[in-house]
Amino acid sequence: MQKLSSGLASLQVAYIQAQEGLDELGFNLGGNWDYRTGSLDRALDREHKVWLRLPFEVERGELDAEAEKTDAVIRFGQPYVLKHVYEEGLDQDAQPRTLGGFFDQFAAPSDPDAEIEDAWIREAERVLAEAEQRFIQ
């Protein structure tokens, strides 16, 4: 993980405004959100191994990604780049599910915090600058 300096850090904005402003740049709500915290993430590579993450905390309201509208107001944290290196192929440690012959065949990252090449840091900084232009005047 490589933290990036940004004018977005500590910026407070309506979640809907953040989502709409960053959607055009390819950001999506990260899968590990809850009603109080989350992140807007963008893959930087085709394999979805290198990500620019804009973490946030909900300051007011409640985040509900399933609802059409939300009154949540978020405060961005410090953005960072992360890289996951996955083993190719099936997970050899897959366990059968309780209800039958289904297996979880997706391997966990072999290195969830792999070293990030300078080219990806530069690309993340470029995308981050575009994001900042949408919110910082």
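None of the figures in this text is laboratory data; all of them are computed from the coordinates on show. What you see is a predicted model, and the numbers here were worked out from it, not measured in a lab. Here Cβ is always computed from backbone atoms with ideal geometry, including for glycine, and neighbour counts include all displayed protein chains.
Just grab the label-to-label distance for Ala65 and Arg46, each label 7 Å out from Cα along the Cβ direction, in nm (one decimal).
Each label point lies 7 Å from its Cα, and together they span 2.6 nm.
Could you pull out every residue, at least 5 positions away or on a different chain, whose amide H is within less than 5 Å of the one on Gly77? Hs are placed 1.01 Å off N in the peptide plane, and Pro or chain starts have none.
HN-HN under 5 Å from Gly77: Ser10, Phe56, Glu57.
Can you give me the long-range amide H partners of Thr37? Hydrogens built in the peptide plane at 1.01 Å from N, cutoff under 5 Å, separation of 5 or more residues or another chain.
Val58
Lysines within cross-link reach of Lys3: Cα-Cα under 25 Å, excluding same-chain residues under 8 positions apart?
Partners within reach: Lys49, Lys83.
Can you run phi through the Karplus equation (6.51, -1.76, 1.60; θ = phi - 60°) for the range 32-38 and list ³J(HN,Hα) in whole Hz, with x for Gly and Pro?
Running phi through 6.51 cos²θ - 1.76 cosθ + 1.60 with θ = phi - 60° gives 9, 6, 9, 6, 10, 9, x Hz.
When the chain is fully extended, how far beyond the present Cα-Cα distance does Phe135 get from Gln12, taking 0.36 nm per residue of separation?
On the way: separation 123, 0.36 × 123 = 44.28 nm, distance 0.98 nm.
Result for the pair: 43.3 nm of gain on full extension.
Quick check on the exposure proxy: order Lys3, Lys69, Lys49 from fewest to most C-beta atoms within 10 angstrom.
Lys69, Lys3, Lys49
Taking R0 as 25 Å, what's the FRET efficiency between Ser5 and Thr37 from their Cβ-Cβ distance, rounded to 0.05? Numbers along the way, then the final one.
Working: r = 21 Å, r/R0 = 0.85.
Calculated transfer efficiency: 0.75.
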